[in-house]
Amino acid sequence: MTATPLSTEEMVALCKQYTFWSWSAQDSVNPIAMDRAEGIYFWTPDGKRYIDMNSQLMCVNLGHGNQKVIRAIQEQAGKLAYAGPNMASEVRAQIGPRLAKHTPGDLNKFFFTLGGAEANENAIKLARQFTGKQKIITRYRSYHGATAGAITLTGDYRRWANEPGMPGVVRVFDPYRYRCTFCKNQPDGCTMDCLNHIEEVIQYEGPQTIAAMFIETVTGTNGLIVPPDGYLQGLRQLCDKYGILLVCDEVMAGFGRTGAWFAVDHWNIVPDLLTMAKGLTSSYLPLGCVAMSGQIADHFRKNVYYGGLTYNAHPMSLAAAIATIEVMEEEDLVGNARRMGQVMAALHDDLKAEHVSVGDVRSIGLFGVLELVKNRDTKEPLPAAEMGKVSAYLKEHGLYHFAAGHLLFTNPPLIITEPELKEAFEIINQALALADQAAK
């Protein structure tokens, strides 16, 4: 730390000079300088305030600066900053029952990692070692992380530069109702033929070769795709029919984001493996986790699990997770996400009614997206140049957001209030006037 605080310009310049940025051509990086944060807001060193409408990376679910979590981290640092993965610790003993209280069904054995990608890597290993099979079915509109196995599971363009990647991955289409491959010419809407498609793929690939079906319960950055009612139940039945594990990636969707502790709870299904991260500690410290069924846990009572991490069950991260769970329970943040989710859905609908550039709106809890289009009839996506104008307006007017292609996401911290939501959406409303010019 320097004696004199850095200005915004100094902070950005030094960060760009010495650090290598993810998912970027380095010369194109233009970061916002972040000096301090509290609640749903953060500030630059020169005092500009932003509404954090993406919870940073869909992860600061408690909002910024929660003192209970900060104190838990401080106290744990003073008592025991690190313990090896083969050690027992007080926080390791405490986290299990607290987490099992909220995980679905019999998913009450936990393998801890330092993030979502590592959790998904270990879910791959668990599925393959438990079943003795190799293939994994995943979906095209998916993102599961940037490490070697997780990026191969990822269906979108981000995997291309890393291919050929891990062998044995088979991809299927998504339940994307707005642009559905199967239902686009169906006047009565969703047919769930996507499930028939998956079953046909299973039959062609050979169910005896398939270890797992790996999905984001609610697809995140590839379109905020909320599955239609019956889809997850049907997928669970397919997996049971063919002896395939169902793995649900809830790195984004878990921990209250959808208005339930876990998104699978909305459809009353229990996967065989469930991965989480981000909201598990509100990202105050890195932590990921794989929750596994009793059947899988029992298998490894006598069979060695070939996987491990230096930072498995890191005490400081577990302390942050325990405090996060307690805050969520005490402040009913899952309930707030559900209630404010209804408010946000109505605000989405208002924007769609007012702006011709809004082709579709989707949300579940405080997990939402506006799909911007140039033409509602053809559903042609809003061009990149016009999306750039929308993003620039939002940034200029103090709204931090996440945009991917023609998708504008709305993922605020779970502590947000109705007046704060309306303040944020008024800025979005003004920005969409720029998109409407292109749509007209």
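Computed from the coordinates by the stated procedures, all read-outs in this text should not be read as laboratory data. This one's a predicted model, so the numbers in the text were calculated from it and none came from an experiment. Note that we place each Cβ from the backbone using ideal geometry, even for glycine, and neighbour counts take in every protein chain shown.
In the range 264-322 the Cα-Cα distances spread across 10 Å bins starting at 0 as 19, 39, 36, 6 percent of all pairs. Taking 0.36 nm per residue of separation and subtracting the current Cα-Cα distance, fully stretching the chain between GLU380 and ARG49 would add 115.7 nm. A Cα-only calculation for the chain places Rg and Dmax at 21.8, 66 Å.
The gain in end-to-end length when the SER7 to LYS302 segment is fully stretched comes to 100.4 nm, 0.36 nm per residue minus the alpha carbon separation. Other residues with beta-carbon under 13 Å from the beta-carbon of ILE95 carry, at +1 per Lys or Arg and -1 per Asp or Glu, a net charge of +2. Taking label positions 7 Å along the Cα-Cβ direction at both ILE32 and LEU80, the computed distance is 3.9 nm, reported to one decimal. The DSSP beta bridges internal to the range 67-330 are antiparallel in roughly 40% of cases. DSSP finds beta bridges in the range 29-187, and of those with both partners inside it, around 65 percent are antiparallel. Here's the list of aspartates and glutamates a cross-link from LYS379 could span, going by alpha-carbon distance under 15 Å and ignoring same-chain residues fewer than 8 apart: ASP360, GLU371, ASP436. Quick one: which of LYS101/LYS278; LYS101/LYS422; LYS109/LYS278; LYS125/LYS278; LYS68/LYS101 span more than 24 angstrom between C-alpha atoms? Result: LYS101/LYS422 exceed 24 Å. What separates the Cα centres of the range 398-432 and the range 32-69 is a distance of 14 Å.
Can you give me the C-alpha center-to-center distance between the range 229-283 and the range 109-167, rounded to a whole angstrom? For the range 229-283 versus the range 109-167, the Cα centre distance is 16 Å. Within the chain, the selection of entire DSSP H helices by a Cα span of 27 Å or greater along the long axis and an average Kyte-Doolittle value of at least -0.5 returns 333-354, 418-439. One decimal place: the segment ASP332-ASN185 gains 48.7 nm when fully extended, by the rule 0.36 nm per residue minus the C-alpha distance. Of all DSSP bridge pairs formed entirely within the chain, close to 65 percent run antiparallel. Peptides 294-307, 145-158, 215-228 ordered by packing proxy, namely the average of other Cβ atoms within 10 Å per residue, highest first: 215-228, 145-158, 294-307.
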